[in-house]
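Each reported figure results from applying straightforward, stated rules to the coordinates on display, with no laboratory input. The structure displayed is predicted, hence computed values, not measured ones. FYI the Cβ positions are ideal-geometry reconstructions off the backbone, even for glycines, and counts take in every protein chain you see.
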Amino acid sequence: MRRSMLAVLLPLVMTAPVHAQGTDARLERLKTEALEKVNARAKLVQEIVDMLFSFGELGMQEFETSRYLTGLLQQNGFTVERGVAGMPTAWVARWGSGKPVLALGSDIDGIPQSSQKPGVAYREAVINLAPGHGEGHNSGQAVNIVAALAVKEIMERERIPGTLLLWPGVAEEQLGSKAFLVRAGVFKDADVALFTHVSNNFGVSWGQSGSNAMVSAQFRFRGETAHSAGAPWRGRSALDALMLMAQAWEFRREHLPPAQRSHYVIVDGGDQPNVVPQTATIWFYLRERDYARVTEMYDAAKRMAQGAALMTDAQVDTIMTIGSAWSAHFSRPVAEATYANIKRVGLPAWSNDDITLAKALQRELGSREAGLATEIGDLGGPVNPERSLGGGSDDIGDVSWNLPTVTLRYPANVSGTPGHHWSNGIAMATPIAHKGTLAGARVQALTLLDLLLQPKIVADAWTYFRDVQTKDTKYTPFILPTDQPAIWLNAEIMAKYRPEMQKYYYDPSKYGTYLEQLGIRYPTVKPVSDDGSQK
Ligand SMILES: [Zn+2]
C-alpha cells in the first residue's frame, strides 16, 4: 500500500516544475501574441483618442463620448448597461464569464475653456472659451478598450475563464462619480481594478499614494432682496454672507498644515448690482491627506458658513456635497506585475516631429526643454503621510479602498505643462498621444494576461488588501446615503458651446487623423531665431 502510494505521488512531485514551466511558456507565448494584437489596432487607438478629443465634453455631460464608446464595445460583443448609479453618462460594459473579474477604468471628462488646436505649440483655440481636453482624459479609454479587445480574442480561442468589465470615470474633475459607482455595486464582484491615467511617462506605484483626499461642496446662502439704492436697509445680502465665509477661510488658511489644498469659485454672486443678492453660492474644494483631516476641514467650513449667516442676518440655504475622493492606496502585487510589463514594453520611439513639438511647447511655457520621456522611472512606493506636502486628488481613491487597484500612467503627453490648461491638450490628438496610448494598451494587455493566468497574483493582491492596506483603515465614504450625483454639472456650459463644437467632431470616414481634418501641419511651432530666442 505504502509503496504503491509513493509510486503514484512521485511522478506528480517530479512533474510539478515541468508543469509550471509549461504554464510560463504558454503565458509567454500568449503575451507575445497579445502585443501583436494590440499593435494591429494602432488605427483604432488613434481613432478613439482623436474622437474623444474632438468631443471635448465636460463632466456629467459626456454624452457623445459615452455613446461612441459603448457603441464600439457593443459592436465587439460587450454587454452594456447605461445610466449606471443614476448618472446618464456612466456605463458598465461586460464580456466573458467567471473569475477573475477585471475592472478596467479611465476618466473621460474635459476642462473648461481649454479648447486648443492639437499639434500647434502655442495658444490657439479651436473655439474660443469652449471646453476641451486640457488634461488628456481623451486617451485612457483607448488604452483599456484596445487591450481588452486583444485579450478577449485570446481568451475566446484558448477558453480562458474571466470577465472583463469596462467603466468610465465620469466627471473626474469634480470627483463626481467613483464613490457613487462604488455605492451602486459596480465593483462588488470585481477582483482587481486596473485604472489608467495619462501622463508624460510610464509609471505605477503601490501603497499609500501622495494624492490628497477631497470634498467638493457648494454652500448656498439666502438673503432678502431690495433696491440697492432705494431701500438698501431692507435688504439682507446673501453675497455678504458668502464673502465673509470666504474671508474666514482665508484667515483659517494660515493655521492649516502644508499638505492641505483649498480653493473656491463663486458660482452665483447675485444678478446685478442694484438688486441686493437674494442668493449666492460658493463652491469649495477641500483637500487633505485623509478622510479624518478632510472631514475636519469640511466641518470648519460649515461652521464658517453658519457664522457668516449670523453676521449678515442671511441664512445658510443648502450645503451640498457634490464630489469626494479618498486618498488612493494601490496594490503592491498588481503594481509589481504592471511595472514588469512597463519595463518589457518600453517607451515609444518618438519622431523628430514629436520632439520638435514637445520642445517648442516647453519653450513657450518657460519650462525646461526636456523633450519627451526617454527613461522609465522606478516602481513607486508608499509615501509617508506625515511628511506629505499634499497635491491633487482622484476619486479612484474610493475604488482603491474597495478592491485591489493600481493606476497605470502612460506616456501620451509632454512634461512641463501646468495641468488643467490649454497646453495640456496640444499633444493629445497628435502622434505623441497615439503612440503613448498604444504603448499603454500594450502594458494593460500584458497585465490582463498576468491576472487571468496567474491566480496567485490576484490571491496575493487580496492578501495585501486585507492584511496590510485595510488592517487599520476602513473605508467610510464621504457621501451620505442621501447624496446624489451632481448630474446637472456643466449642463449650461455644454448647452452654450456644443452646437459650435459639433461642427468639429472627428469624422474618421473622411480623414485619416484629426490633425488632417483640422488642416494642421504637424508640428506647427513658432520660428526660432539664430540666437535661440523665440519670435
Ligand atoms: Zn485626470
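Summary table
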{"item": "Euclidean distance of C-alpha centroids, segment 433-498 and segment 159-197, integer Å", "result": "5 Å"}
{"item": "Distance between segment 22-56 and segment 291-340 - C-alpha centres, whole angstrom", "result": "38 Å"}
{"item": "Cβ-based exposure ranking for 173, 153, 36, in which fewest neighbours within 10 Å come first", "result": "36, 153, 173"}
{"item": "Unit charges on C-beta of K, R, D, E only; dipole of the chain, Debye", "result": "1100 debye"}
{"item": "Estimated [θ] at 222 nm from DSSP helical runs (n ≥ 4, -39500 (n - 2.57)) normalised by residues in the chain, nearest 500", "result": "-13000 deg cm²/dmol"}
{"item": "Segment 256-389, relative contact order in percent, only Cα pairs under 8 angstrom and at least six apart counted", "result": "18 percent"}
{"item": "Distance-filtered residues of segment 37-62 - backbone nitrogen under 16 Å, label point 7 angstrom along residue 127 Cα→Cβ", "result": "51-59, 61-62"}
{"item": "Ascending count of other beta-carbon atoms within 10 Å, so fewest first, for 295, 89, 338", "result": "295, 89, 338"}
{"item": "Loop trypsin sites (Lys or Arg not before Pro), segment 171-202, which have at most 14 other Cβ atoms in a 10 Å radius of their Cβ (DSSP)", "result": "188"}
{"item": "R0 of 22 Å, Cβ-Cβ distance residue 493-residue 266: FRET efficiency to nearest 0.05", "result": "0.90"}
{"item": "Three-way shape label, segment 205-259, alpha-carbon gyration tensor, a/c 1.5", "result": "prolate"}
{"item": "Ascending count of other beta-carbon atoms within 10 Å, so fewest first, for 48, 266, 355, 457", "result": "266, 355, 457, 48"}
{"item": "From phi via Karplus (6.51, -1.76, 1.60), per-residue ³J(HN,Hα) for segment 414-426 in Hz, x at Gly/Pro", "result": "9, 7, x, 8, x, x, 6, 7, 3, 5, 6, x, 4"}
{"item": "Amide H partners (placed H, <5 Å) of residue 275, local residues excluded", "result": "228"}
{"item": "Of 443, 266, 138, farthest towards positive along the dipole that unit charges on Lys, Arg, Asp, Glu beta carbons give the chain", "result": "443"}
{"item": "³J(HN,Hα), Karplus 6.51/-1.76/1.60, whole Hz, each residue of segment 314-319, x for Gly, Pro", "result": "9, 10, 7, 7, 8, 10"}
{"item": "Point-to-point label distance, residue 97-residue 251, nm (Cα→Cβ direction, 7 Å offset)", "result": "6.7 nm"}
{"item": "Tilt relative to the chain, helix 140-158 - C-alpha long axis, 0 to 90 degrees, to 10", "result": "20 degrees"}
{"item": "Shape of segment 386-465, Cα gyration tensor, a/c cut at 1.5", "result": "oblate"}
{"item": "DSSP-loop trypsin sites (Lys or Arg not before Pro) across segment 74-163, with at most 10 other Cβ within 10 angstrom", "result": "159"}
{"item": "With Cα atoms, 0 to 90° folded angle of helix 238-253 axis to the chain main axis", "result": "60 degrees"}
{"item": "Other-chain or far-sequence residues with amide H under 5 Å of residue 192's (modelled H)", "result": "101, 103"}
{"item": "Phi-based couplings in Hz for segment 485-502 (Karplus 6.51, -1.76, 1.60; Gly and Pro marked x)", "result": "x, 7, 6, 7, 4, 6, 4, 5, 4, 5, 4, 6, 9, 4, x, 6, 5, 4"}
{"item": "Cα-based shape type of segment 426-485, given that a ≥ b ≥ c are square roots of the gyration tensor eigenvalues and the cut on a/c is 1.5", "result": "oblate"}
{"item": "Amide hydrogen neighbours beyond the local backbone of residue 290, cut-off 5 Å, H modeled", "result": "213"}
{"item": "Extension gain, residue 227 back to residue 454 (0.36 nm per residue minus Cα-Cα distance, nm)", "result": "74.5 nm"}
{"item": "Residue 76 versus residue 386: modelled label distance in nm, points set 7 Å from Cα along the beta carbon direction", "result": "4.7 nm"}
{"item": "Folded to 0 to 90 degrees: helix 291-312 orientation relative to the chain principal axis, Cα", "result": "10 degrees"}
